[in-house]
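In what follows, a structure is listed as structure tokens, so that the remarks can point back to it.
Just so it is clear, none of the values below were taken in a lab; they were calculated from the coordinates. From a predicted model like this one, the values you see are computed outputs, not experimental measurements. Here Cβ is always computed from backbone atoms with ideal geometry, including for glycine, and neighbour counts include all displayed protein chains.
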Amino acid sequence: MKYILSFSLLITFICVQAQEMLIPLTHNPDLYRSKTESKVLSNSFDSTFVYLSDSLTLPLFDDFSRNNFQTYSSSFSQPNLIEEVYYRLLEETSSTPLPSNTELGEVKTYRVTVNTLLNTTDTLYFDSIPFQIHNLLDYPVVYGSGFGYPNYFIFDTISSTPNSPDTVFTTITYQQDSARIFIKQINNPNQFWLDSNAYHNYRFAVNPISLGVVTFDGLDDMGNAYNIGSASTAINDVLTSKPIKMGSFAASDSVYFSFLYQPQGFGDAPEDSDSLFLEFWSPVDQLWQKVWRVGGSPLQDFRVGHVKIIENKYLQDGFQFRFLNLGSVAGAFDQFHIDYVSLRPLSGYQDTLFKDFAIVYPIATLLKDYTQVPWKHFRLSPTNKMDNSMQLVVRNNETVAANNSNGGSLKVLLDGTTEGVFNFSGANLSSPDLDYAPRTHYSSVFDLSGGYEFDATLSNDTLAIFDYVAEASAQFPNFTQNDSTFGKQVFKAVYAYDDGTAENAYGTTQTQSRLAYKFTSYVPDSLVAIQMAFVNTAEDVSNKLFLLTVWDDNNGVPGNVIYQDDFFDPRQPKYIGQPNGFYTYYFKGVDKVGVPQTFYIGWRQIDAERLNIGFDSNIDNQDKIFFSIDNETSWVNTSFKGSVMMRPMFSSVLDYQLITSEPDEQLVSDIQIYPNPSAGLFKMSGNDIGYADVFNLQGQHILRSEEHEFNLYDQEIGLYLVHIYSTAGHKLSTKKIIKK
């Protein structure tokens, strides 16, 4: 269903309720990165890279369990780089460059000689200068023919008085110039795709056949809309294969191309007028031709696309194929997902499924409830925190029932070193009937209690990051890359339910409505801030207002307000243009807010417009999301399954930095740091300042300044602590500063 917003923008709503909404995004923060511009000159291809692709051989198969997109370097120092120089103007017959000072015009020019002594006038027209020309805008370079004239007239007078010629210049139309390209031959048969406009991910497909898909929508490879605010549709993402060696096959051979596709997934449903295309490249005709198309629809299970290649023009070396989508250019709308792309000989029409036992999702966490917890809290209470009902979703893609008698394992690593291993027997991986039914997903549960626990005795006291890999072996030959999945356990200063990526945006739609998110901490402690990941949608609400709020618990729903911003000093949504883009909202008027072990964080919004907090559709914490539209008289659980991207931040090592030591007796009361907040540059004033140490909230030392100023331009937005010392090394003061 489509609705028309302001500016006549068509937006697809995933679901609309009277009091809350879940809508698509116009950006993908997971793809945000700095864009490197390889051109030096805006009016030429100078200093760009040209990559010559290698060729692939059959069979070609990609299930997208790993990223097999071709990577490109923009380094001028990479090995085996060939440099070529092209000139704008070449001599007509020899193709040698014309002199570097060549300047020609389109007007036919001449030399006039006036002899006053003989009373004669002679006019000599200059010969045209033929050349080969290219504008240096496009590569490959194909020269055309042209001609020009010297860009000047000469007027010479001969008389009894010596007189030098007068020169009148004309407009320069043709001027010599050059452009340099750098050529690199690609040689990586394990990378199949030449472009990366489409999005390789593990999060947008619903019940995928294996781990990983490629998503097509209206976002480019930088995570931005192709044309933000536009109501039009166009071809958006393109996924192009490398050239393939097909010359050894004949039209009589059974060469088949097959793949799986799904509309919508966890994203936006494409309309029937939207499309996913498949095109083949003919080395004979030098043309792309559409060979398959499907229109949009609401969510469906993955379906099979299947094409037999019988035309001789495709059975040539240099054959390529590509997927394209037609849909909205304004954001993450009209989504299609593809998987299991296969091009193979000696096949048949019935050969559309793959004998595979596959894990289909990453593991978000090994902990109970949370994807992240504060490292300090885990160290204080580490016992029995591993999840004793960890789920591993697997699928039997065979056409017959099968079991997994070979078992599996879960390995935990720290800095690449194995910390612990869980071994699962075959029975633990099986369905209640032991055998997995064909073409069916199963969610197997593992008990991690009583085994390995994350090591809480590590020397570091601010954070810890563990990696883990789960493996499950099938009893029959299959694609082994699908027998494993992975994850990362992060311990920092926050509790988190989400995986750090948003599939949609969430918000309530009533004036003065409240949004509350339930947390139960490992130990009682004090909050120092709340992190929120607001995401871009069709409507910018960064000018809307809300009051940051913390509640205690009242029998499973939010209770009394522990903290709320002053009504005359509200907050606004902040968009952070980077992956995992959480903005940290610190409390006003207090350093910390003490909370019971069960508490709620959120907001009281001022206006009716939804505030568009990120919504993780992959991890379901629906029972912990509450909203109220009647001034907290009653609370209602959200109707959407997922997790709000909102995280409570605890003090970590902040306590001793702020309050465990009193300033030295030589404390100077007039010490100031200004401006505060600042975009980066801070200055210090006061007596006897020797140096200052700057720390972030995780206790990491950022810099030491022995001057009366320092800058944090390259640091993240947020709160920092500055310890100021005298010239004799005595501590004078501790100041809080805010990098905005």
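For a protection proxy built on the mean count of beta-carbon atoms within 10 angstrom, sort 494-506, 82-94 highest first, please.
Final packing ranking: 494-506, 82-94.
Using only helices, what value at 222 nm comes out for the chain when you add -39,500 (n - 2.57) per DSSP H run of length 4 or more and divide by the total residues, to the nearest 500 deg cm²/dmol?
Mean residue ellipticity at 222 nm (helix-derived): -500 deg cm²/dmol.
Setting aside same-chain residues fewer than 8 positions from Lys184, which lysines have a Cα under 26 Å from its Cα?
Lys35, Lys39, Lys242, Lys245
At q = 0.24 Å⁻¹, work out log10 I(q)/I(0) for the range 62-127 with the Debye formula, treating every Cα as an identical point scatterer and leaving solvent out; two decimals please.
Ignoring solvent entirely, the Cα scatterers give -1.09.
Based on the alpha carbon coordinates of the range 504-650, what radius of gyration and maximum Cα-Cα distance (Dmax) apply, in Å?
Looking at the range 504-650, its Cα Rg and Dmax stand at 14.1, 41 Å.
What pairs in Lys411/Lys739; Lys574/Lys683; Lys492/Lys518; Lys544/Lys588; Lys368/Lys739; Lys544/Lys739 have C-alpha atoms more than 30 Å from each other?
Lys411/Lys739; Lys368/Lys739
In the chain, with Lys and Arg counted as +1 and Asp and Glu as -1 at Cβ, which of these residues, Phe69, Phe155, Val141, has the Cα nearest the positive end of the dipole, that is, farthest along it?
Value: Phe69.
What FRET efficiency comes out for Arg303 versus Arg344 if R0 is 25 angstrom and r is the Cβ-Cβ distance? Round to the nearest 0.05.
The calculated FRET efficiency here is 0.85.
Restricting to the range 46-185, compute how many DSSP beta bridges are antiparallel as a %, nearest 5.
75
Between Ser178 and Val112, what is the FRET efficiency for a Förster distance of 45 Å, r being their Cβ-Cβ separation, to the nearest 0.05?
Efficiency computed from Cβ-Cβ geometry: 0.80.
Please give the charge dipole size of the chain, origin at the Cα centre, charges +1 on K and R Cβ atoms and -1 on D and E Cβ atoms. Round to the nearest 20 debye.
520
Label Thr167 and Ser77 with points 7 Å out from Cα along Cα→Cβ: what is the distance between them in nm?
Spacing of the two 7 Å Cα→Cβ label points: 4.5 nm.
Would you work out which of Gln512, Ile576, Pro558 lies farthest towards the positive end of the dipole of the range 504-650? Charges go on Cβ: Lys and Arg +1, Asp and Glu -1.
So the residue we want is Ile576.
Which whole-number percent of Cα pairs in the chain have a distance greater than 33 Å?
64
Using a Förster distance of 25 Å, how high is the FRET efficiency between Glu709 and Lys740, based on the Cβ-Cβ distance and rounded to 0.05?
So the FRET efficiency works out to roughly 0.90.
Report for the chain the percent antiparallel among DSSP-assigned beta bridges with both residues inside it, nearest 5.
90
For Asp670 and Tyr691, calculate 0.36 nm times their separation in residues minus their Cα-Cα distance, and state this gained length in nm to one decimal.
Between Asp670 and Tyr691, full extension yields an extra 6.0 nm.
Ordered by packing density, taken as the mean number of other Cβ atoms within 10 Å over each peptide's residues, highest first, how do 340-346, 562-568 rank?
Ranked by mean Cβ neighbours within 10 Å, highest first: 340-346, 562-568.
For the pair Lys588 and Ser128, how long in nm is the line joining their label points, each one 7 Å along Cα→Cβ?
About 7.5 nm separates the two model spin labels.
Using amide H atoms built in the peptide plane, which far-off residues or other-chain residues are under 5 Å from Ile562 H to H?
Val550, Trp551, Asp552
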